[in-house]
Amino acid sequence: MGKSPTKLPSKDEAQLGFGVAIRQLRDARELTQEQLAEFSDMHVTYVSQIERGLKNLSLFNIYRLAHALKVSPAALLDAADLHKTLRLWHRHV
């Protein structure tokens, strides 16, 4: 079996990349964290923790966020491409 072309991200990197993607999509839709929380039936504190890369989401919660952001779950994961979002994250820090 050959080597993987890219290194698998750590859990923290994956969560951070996903959180940055959620924030970017939320900002692009001009939603507040409170609005996203309401639309996805989540607590605003949980949404904040997701965006900061502190939560490892269940598949169901990924579906809930995708529905609230009007994208497919696959689009959320595509948006979380770590090579793109981690560079953007470092610009915000």
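Read-outs: derived from the displayed coordinates by stated rules, not from any lab. Please read these numbers as outputs of a predicted model, since none were measured by experiment. Note: ideal-geometry Cβ built from the backbone for every residue, glycine included; neighbour counts use all protein chains shown.
Calculate, in nm to one decimal, what Asp78 and Asn61 gain on full extension: separation in residues at 0.36 nm each, minus their alpha carbon distance.
This chain segment gains 4.5 nm when fully extended.
If you filter the range 1-69 for trypsin sites (Lys or Arg not before Pro), then keep DSSP loop positions with at most 12 other Cβ within 10 Å, what is left?
When the trypsin sites (Lys or Arg not before Pro) of the range 1-69 are filtered for loop state and at most 12 Cβ neighbours within 10 Å, Lys3, Lys7 remain.
So which aspartates and glutamates pass the test for Lys11, namely a Cα distance under 18 Å, with those fewer than 8 places away in the same chain ruled out?
Glu51, Asp78, Asp81
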